[in-house]
Amino acid sequence: MAVASTSLASQLSGPKSLSSYSGLRPSCCKLEFSHSLSATQSLFRHLHSLLRLSSSSRKASRGVVAMAGTGKFFVGGNWKCNGTKDSIRKLVADLNSAKLEADVDVVVAPPFLYLDQVKSSLTDCIELSGQNSWVGKGGAFTGEISVEQLKDIGATWVILGHSERRHVIGEDDQFIGKKAAYALSEGLGVIACIGEKLEEREAGKTFDVCFQQLKAFADAVPSWDKIVVAYEPVWAIGTGKVASPEQAQEVHVAVRDWLKQNVSAEVASKTRIIYGGSVNGGNSAELAKKEDIDGFLVGGASLKGPEFATIVNSVTAKKVAA
């Protein structure tokens, strides 16, 4: 689809190469006794996740499907504010003709205006998602979209907490948590987005930011049964700078551990944690090999039917020879 989208991340990211901020926390050559308790706890969390990361790398070579979550691989396509009737007609035709692996949950999120067009022409193998929803029942809220309207038009999912809603529109953690709670109470599945900005990563606050955003969801939602967590580092969205498989796996491990410690071991095992941020047909297979990466939330590449199909089919990279 020949429609370009403007990314917030392109404004946030500077000229540095990805290697300039490849670590979650700044390297430290010594520990001082004056460190605060919170800093010490953050360090231990980081070391713990590194140990799990090393362990998961060993597990992936045992001849099994390398997936920590117990659910199906999940791939969502966020079309954002892109498309026309004609371009979407072509995209849907490409998706309908694509050969997609059967053991993947595939969801696309068109602009609200085109949900009905897509619903009436898209294969039943792909579900529909809204890109946003209101915090409660519809009414006198100009420009908003209610959960009830999404359900009425055939959507089964909604994306909430995306960085463009957080950092452009100004939605805060608590408001997003309430939106998720209402959507779930009305039967929609929620793709719950979390992720840090470039300056937060460089300051070593990746875990802190992600855990704070997770807590807002955990404090509000009645259940995690229909939640997929999408880790999308803001500095990687639409910039072409994708997190390395190791970087993404490290955060996914930490998110799963947080769920285990703060929600339950069952939720940590069942919840799918997907990665988003410049995912494309060329890097999805290597990312998919990581045990805690349970799928993807795709932006620009989801506007190209054949490439999106390649990303969906990257699930095969999880299956190694027995």
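The values are calculated or read from the model by the stated rules, or taken from the named source; none is laboratory data. Only a predicted model underlies this, so the values are computations on that prediction, with no experimental measurement involved. Because the Cβ atoms are built from the backbone with ideal geometry, glycine has one as well, and the counts that use them run over all protein chains shown. Just the protein is used for accessible areas: all its heavy atoms, side chains included, with ligands, DNA and RNA removed. Shrake-Rupley method; radii C 1.70, N 1.55, O 1.52, S 1.80 Å.
With Cβ to Cβ distances under 11 Å as the rule, what net charge do the other residues near Val312 carry (K, R +1; D, E -1)?
Here the charged neighbours net out to -3.
For segment 142-271, what is the convex hull volume of its Cα atoms per residue in Å³?
Residue-normalised Cα hull volume stands at 121 Å³.
Residue by residue, what Karplus-based ³J(HN,Hα) values in Hz, rounded to whole numbers, does segment 181-186 have, using 6.51, -1.76 and 1.60 with θ = phi - 60° and x for Gly and Pro?
Couplings: 4, 5, 4, 5, 5, 9 Hz.
Short version: ³J(HN,Hα) in whole Hz for each residue of segment 225-232, in order, from phi by Karplus 6.51 cos²θ - 1.76 cosθ + 1.60 (θ = phi - 60°), x for Gly and Pro, what are they?
Each residue's phi maps through the Karplus curve to give 4, 10, 10, 10, 8, 10, 7, 10 Hz.
Along Cα→Cβ, 7 Å out, is where each label goes; now give me the distance between the ones at Glu186 and Ala265 in nm to one decimal.
Taking the simple label geometry, Glu186 and Ala265 are separated by 3.7 nm.
Over segment 72-230, what is the relative contact order in whole percent, taking alpha-carbon pairs under 8 Å and six or more residues apart?
Contact order relative to length: 18 percent.
Pairs to check: Lys85/Lys178; Lys72/Lys270; Lys119/Lys179; Lys80/Lys151; Lys215/Lys270; Lys72/Lys151. Give those whose C-alpha atoms are more than 21 Å from each other in this structure.
Lys85/Lys178; Lys119/Lys179; Lys72/Lys151
Can you give me the solvent accessible area of Cys125 with a 1.4 Å probe, rounded to the nearest 10 Å²?
Surface open to solvent at Cys125 totals about 100 Å².
Gly189's amide H: which non-local residues (gap 5+, or another chain) put their own amide H closer than 5 Å, with H modeled 1.01 Å from N in plane and none for Pro or chain starts?
The answer is Trp157, Val158.
So what is log10(I(q)/I(0)) for segment 82-198 at q = 0.11, 0.12, 0.13, 0.15 1/Å, when the Debye sum runs over its Cα atoms only?
-0.39, -0.46, -0.54, -0.71
Tell me which residues come under 5 Å, amide H to amide H, from Glu232 once H is placed; ignore anything under 5 positions away on its chain.
Ile194, Gly195, Gly276
Using amide H atoms built in the peptide plane, which far-off residues or other-chain residues are under 5 Å from Glu127 H to H?
Placed amide hydrogens put Val106, Val107, Val108 under 5 Å from Glu127.
Can you figure out the FRET efficiency of Lys72 with Ser223, using R₀ = 22 Å and their beta-carbon distance, to the nearest 0.05?
Working from the Cβ atoms, E equals 0.75.
With θ set to phi - 60°, apply the Karplus curve 6.51 cos²θ - 1.76 cosθ + 1.60 along segment 113-121 and write out the HN-Hα couplings as whole Hz, x wherever there is a Gly or Pro.
Result, rounded to whole Hz: 4, 10, 4, 5, 4, 5, 4, 6, 10.
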